[in-house]
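Let me begin by presenting the structure, written as structure tokens, before commenting on it.
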Amino acid sequence: MTVPLAPIRFGTDGWRAVIAREFTFANVERVAQAYADYLASHREDSLVKQLVDVEQISKEEAESGLFGNVIRKAVPASSLRVVVGNDRRFLSEQFAHRAAEVLFGNGFQIALFQEPAPTPLISWAVKNLGAAGGVVITASHNPPDFNGFKIKASWGGSASPEITSAVEKLVDANAPKRSDLLVSGGDLLQSATDSYRSQVRSYIDIDRLRNSEARVIVDPMHGSGGSWVESFLSGASINVETIRCNRDPLFGGVNPEPIDRNLGALKQRVLETKALVGLATDGDADRVGAVDDRGETMTMHDVVPLLLLHLARNRKMSGGVVRTFSQSVLLKRIAAAHNLKLYETPIGFKYIADLMLKDDILLGAEESGGIGVKGHIPERDGILNSLLFLEAVIRAGKPPSEMLKDLHREFGEFHFGRRDRQIEVQRGMDLVARLASSPPTKVGGYEVKNAENLDGAKLIFEDESWLLFRQSGTEPVLRIYSEATSVEKMQMLLDQGQKLAEN
């Protein structure tokens, strides 16, 4: 009797599944083969882009389509390179090596990181090396028993929904082809790593940070961020300490997501050392988190508005502002005050990256700590953004708690909270669909002014407070979010949201 193959479904940022249940070597091979098939069928697009990048042809010639047919017939897949890397999760190196073998078996050149690396570095290497794309074996902030397969596009960012959808449709179109790796591109990756370091140093006012007298605690949460943030700051007057730096596939017993319930160690160390700020990155170092001088976790509804103000006011930068469906009202108000165009997208950084490729975007952010900024690749980067937030704090000359008070005095007081409820995926989806189609008229005595369903079911109240229900695309979790004009109201709305979820 033939055992049916497990279905492969891409969520908001790649394919993720439980290790040894759905995330197996056989299934990694299936996804890698689908990605190889996708790249092979689009190789002319990749090579035309490379010719434009090295100025062998103009953008106008590329858009004419004259070169595509010639390349399709004359150029083999072996002319294309794919970068492959991984995080610190259980068996991530082995899964990455297996994916690389399949891609190599399909004729692609491979540049394989030999050690766990931050996802933003791997993304940077894709663009820096002119690769056709990249693969990162990581489940980012998911629980330790998960792993995942992220696809990076040639521009050095998350693959677009169109790309991931096309890859998903190609799963099992062909049987996996594997070959033993002959070369791994180590010299190329060292060059790309050096280039990434130079990019971060040029983007951040490193000398100002290094010469400050601040005490800073960094927490990579046992993930692939490791000592990267500290490496840019050490050896000067600033006092930097990195905690939870060692590799631990169990992440110290918490999920490697830099939110309040997982940052107890960082909060405690900030208080113990009277640090100015604590900085955290998630499991693969593409998301950022922060703890203020009082040892209290700052949500991204605090951090991102402060970053936007720093970019717009202190750096005098301009461009559009992108907020995902669960991001702060404050971004809308700051953008309006500075005449910056505001965009709103579904949740998932790939939607932000798509806009960053098409338009002049200053900052794009999601609630979960993924932030993209102008002048960098269209990608989340927890390392660069940790340093950028530290730059904002040092430039302000006051602790983060005081910066937040100033923000609220100027743009209004809003507080954010989120609760995750374990729920079977289909049941969660049915609940969200019901709330979107038939929203309640009141919640906790407050009249629902409007309901939106861009990504989930969002109930909006008169004072712009809101309550959002969204079923995770990668795990059996219903997320309930709220932002409100007081902590008490925010907590009450979350309580009411949980009651609605139980009905």
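The values are calculated or read from the model by the stated rules, or taken from the named source; none is laboratory data. Values in this document were obtained by computation on a predicted structure and should not be read as measured data. Backbone-built Cβ (ideal geometry, glycine too); neighbour counts: all protein chains shown. Note: areas computed on protein heavy atoms with side chains; ligands, DNA, RNA excluded. Shrake-Rupley method; radii C 1.70, N 1.55, O 1.52, S 1.80 Å.
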Taking the range 233-249, which residues are modelled with pLDDT of 95 or more and assigned to a loop (DSSP other than H, G, I, E, B)?
-> L233, S237, I238, I243, R244, C245, N246, R247, D248, P249
Elements of type helices (runs of 4 or more DSSP H) in the range 321-415, at least 2 residues being open to solvent by 10 Å² or more (accessible area, probe 1.4 Å) and within 28 Å of D207 (Cβ to Cβ) | 382-396, 400-411
What single numbered condition from (1) in a loop (DSSP other than H, G, I, E, B); (2) touching a residue at least 12 places away in the same chain (Cβ under 8 Å) fails to hold for R208?
-> (1)
List pairs: first in the range 455-470 and within 21 Å of R333 (Cβ to Cβ), second hydroxyl-bearing (S, T, Y) and crowded, with 21+ Cβ neighbours inside 10 Å, Cβ under 6 Å, 6+ apart or cross-chain?
-> L467/S482; L468/S326; L468/Y481
Here is a list of conditions, (1) surrounded by fewer than 18 Cβ atoms within 10 Å (Cβ to Cβ); (2) farther than 24 Å from D282 by Cβ; (3) at pLDDT 60 or above, and R43 meets all of them except one; can you say which number that is?
-> (1)
Count of residues meeting criterion [in contact with a Leu (Cβ under 9 Å, 6 or more places away or on another chain) and open to solvent by 30 Å² or more (accessible area, probe 1.4 Å)] in the range 108-127 | 2
Of T281, T273, the only residue that is hydroxyl-bearing (S, T, Y) and under 22 Å from the mean Cα position of the chain (by Cα) is T281
Only one residue in F95, F90 is outside any helix (DSSP H, G or I), among the aromatic types (F, W, Y), at pLDDT 95 or above and within 25 Å of the chain's Cα centre (by Cα). Which one?
-> F90
Only unsatisfied item for R201, checking (1) touching a residue at least 60 places away in the same chain (Cβ under 8 Å); (2) surrounded by fewer than 17 Cβ atoms within 10 Å (Cβ to Cβ); (3) of a type in the set (K, R), is (1)
Could you figure out which of (1) assigned to a loop (DSSP other than H, G, I, E, B); (2) of a type in the set (S, T, Y); (3) more than 24 Å from F25 (Cβ to Cβ) isn't true of S123?
-> (1)
Count, please, the residues in the range 276-289 that happen to be buried (at least 24 other Cβ atoms within 10 Å of the Cβ) and part of a loop (DSSP other than H, G, I, E, B).
-> 6
Of the candidates A166, A175, the one satisfying the condition of being crowded, with 16+ Cβ neighbours inside 10 Å and either more than 16 Å from L39 (Cα to Cα) or not acidic (D, E) (or both) is A166
